[in-house]
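Q: Next up is a structure, given as structure tokens.
Nothing in this text is a laboratory measurement; each read-out follows from the coordinates by a stated rule. Here the structure is a predicted model, which is why all the values come from computation and not from measurement. With ideal geometry, Cβ positions are generated from the backbone for all residues, glycine too; neighbour counts draw on all protein chains shown.
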């Protein structure tokens, strides 16, 4: 029996040796790597090429124009505006999403009867398509027929319907609000997982030592959350810088340019004016900014290769 | 002390109820709106629950029979738009594209992840880093170049083009999650199989895969959710109902001033069914996959 197996093993291994270990490895990686490279390396390279040429769809020739696309982009007042809007959005939305996620995680960590349902529900806003969430909230926040205004009116809180999506200040707040509703499940799940690694004896010991709730939070809970906190902050920043779907269905960049975030600006510059050279330049700028965050993220998580 | 504990529990319970409401109310609202007629919805304030719910709106979307309430009122008839008739096609396209992406993920990611997990070879670190880094490249930054690339490949306005893009975007995450998962399996069974004469691929197929079901479930669910819900690339690259996915269709319906809110609501409800079913069914795998991938790089 054993000899039979060993012989078969030798035969199989010699079959493999013809292929070579390295051959097998690269062969199995090739399809995945090729597909990913095709849509990351190739487009980025192509974008670099396109961004230094004048590439407008309706014009025939595509001359090399050096950095003119970048220059035009930076000199466009809307460009600066959209960067400002994106920065404001990130500065408010990221802490908000993180905070809400943390609070929800803290709540769900309490052993209260019936919270199992909440654990199921909490995934829902994140699971549905972003546009579906956006359109739903657009209906809710509608200035003329919205249910939110209807509810507030019914309980006497307001006399007139509030224009959530068409007044400049409120529009940004509304987009941030809907974004938070949509995104908070992710930090919530991460924080909850982190909270559940806290050994119960630790919090019990703190409680026995007469530590109040705040002290317990600060010395027992918070240290376990630091890693997750950093990860959430960087990850949600990357997400916040890429917001597009919500802008499309909630405000279309408006009113005026109040909610024209950078990704929206890139979209209109490229597809409304069909100036691909410009669009490529903008994409490149954005990719450069995001790469910084990505590198920060990877360094934080400290990707470590373990030997097999 | 006991009174404080009871008070705290009451506080938590009410906070929990509040959270549940904040999550559920938008869903319930849109569901209720889809079952109403326009005339009720535009009343100020709109009724909380429709006095007589109707599935006529759904019937219109699928069969084209104009709901009775609209047929009678000349004014409101204009809000029943042909656009919404594209919804069933959008659902089908989204499903096909999502399934295609899942399939590619299951096959290619498994092959690649098993190699990353068990093989040692030169260039492995670099390849791994490349995969990981590209996972975080956000869509917007490569949207324009990908559009131009697809155009030169003749793959615009095609489900295949979408499947390829989505696969490229979901593979890094899938490979990462599966690599972690394969590494967590004890190697003895695989060694035994190799000694008994199995090739690496045979070992993978007969020994490892049955053990890796949770990991596969996680990446299947993620790839499905991502490709079903993806909006931006679908918007950029599709033009005809032949390839438009459901997010594109409901988005264009929603910005159509001629569309009645009830029909928009029908679109939204229909678009949410598949993701909700998947998310609920695969909840545990999604959660563990998310935690593992984001906290371990």
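Q: Defining a contact as two alpha carbons under 8 Å apart and six or more residues distant in sequence, what relative contact order in percent does the range B:90-245 show?
A: RCO, the range B:90-245: 47 percent.
Q: For the protein assembly as shown, what mean projected area does the convex hull of the alpha carbons give, in nm²?
A: In nm², the orientation-averaged hull projection of the protein assembly as shown is 33.8.
Q: What is the spread of the Cα atoms of the range B:83-233 along each of their three principal axes, largest first, in whole Å?
A: Principal-axis extents of the range B:83-233 (Cα, largest first): 60, 33, 23 Å.
Q: Spin-label point model (7 Å from Cα, Cβ direction): what's the residue A:67 to residue B:281 distance in nm?
A: 5.4 nm
Q: Using a 7 Å offset from the Cα along the Cα-to-Cβ direction at both residue B:95 and residue A:160, what is the distance between the two label points in nm, to one decimal?
A: 4.8 nm
Q: With 10 angstrom as the radius, rank B:83, A:201 by how many other C-beta atoms surround their C-beta, starting from the fewest.
A: A:201, B:83
Q: Now for a separate question. Which FRET efficiency value, to the nearest 0.05, is calculated for residue A:227 and residue B:62 with the Förster distance at 56 angstrom and r the Cβ-Cβ distance?
A: E(calc), rounded to 0.05, equals 0.70.
Q: Stick to Cα atoms and the Kirkwood definition of Rh, then tell me Rg/Rh for chain A.
A: On the Cα set of chain A, Rg over Rh gives 1.10.
Q: Rounded to the nearest 0.05, what FRET efficiency do residue A:110 and residue A:219 give with R0 = 25 Å and r taken as the Cβ-Cβ distance? Could you check?
A: Efficiency computed from Cβ-Cβ geometry: 0.85.
Q: Got a sec? Which residues in the range B:203-236 would a label at residue A:76 touch, if it sits 7 Å along Cα→Cβ and we count backbone N under 18 Å?
A: Correct set: B:236.
Q: If neighbour count is taken as other Cβ atoms inside 10 Å, put A:167, B:229 in order from fewest to most.
A: If I rank by nearby Cβ atoms, fewest first, I get A:167, B:229.
Q: In the range A:182-204, which residues have a backbone nitrogen under 17 Å from the label point lying 7 Å from residue A:103's Cα in the Cα-to-Cβ direction?
A: Answer for this model: A:182-189, A:191-192.
Q: Need one number: nm distance between label points at residue B:4 and residue B:107, each 7 Å from Cα along Cα→Cβ, rounded to one decimal.
A: Computed distance between label sites residue B:4 and residue B:107 equals 6.3 nm.
Q: Another question about this same structure. Taking 0.36 nm per intervening residue step and subtracting the Cα-Cα distance, what contour gain separates residue B:184 from residue B:28 on full extension?
A: 52.0 nm
Q: Using Cα centres only, tell me the gap between the range B:92-166 and the range B:237-280 in whole Å.
A: 25 Å
Q: Sort B:285, A:153, A:64 so the one with the fewest other Cβ atoms within 10 Å of its own Cβ comes first.
A: Neighbour counts put them in this order, fewest first: A:64, A:153, B:285.
Q: Determine the shape class of the range B:85-149: with a ≥ b ≥ c the square roots of the Cα gyration tensor eigenvalues, call it rounded for a/c under 1.5, and otherwise prolate if a/b is greater than b/c, oblate otherwise.
A: Oblate, because a/c is 1.5 or more while a/b does not exceed b/c.
Q: Right, here's the next one. Among rounded, prolate and oblate, which fits the range A:23-133 when a ≥ b ≥ c are the square roots of the eigenvalues of its C-alpha gyration tensor, a/c under 1.5 means rounded, and a/b larger than b/c means prolate?
A: In terms of gyration-tensor shape, oblate.
Q: Just to verify a number: FRET efficiency for residue B:242 and residue B:152, C-beta to C-beta distance, R0 = 22 Å, to 0.05?
A: Efficiency, from the Cβ-Cβ distance: 0.60.
Q: Same structure again: Add -39500 (n - 2.57) for each DSSP H run of 4 or more in chain A, then divide by its residues: what number comes out at 222 nm, to the nearest 500 deg cm²/dmol?
A: Computed ellipticity for chain A at 222 nm equals -22500 deg cm²/dmol.
Q: Using a ≥ b ≥ c from the Cα gyration tensor of the range A:187-226 (square roots of the eigenvalues), is it rounded, prolate or oblate, where a/c under 1.5 gives rounded and otherwise the larger of a/b and b/c decides, a/b for prolate?
A: Prolate shape, in that a/c is at least 1.5 and a/b is the bigger ratio.
Q: For the range B:181-206 and the range A:73-142, compute the distance between their C-alpha centroids and round to whole Å.
A: Rounded to whole Å, the Cα centres lie 43 Å apart.
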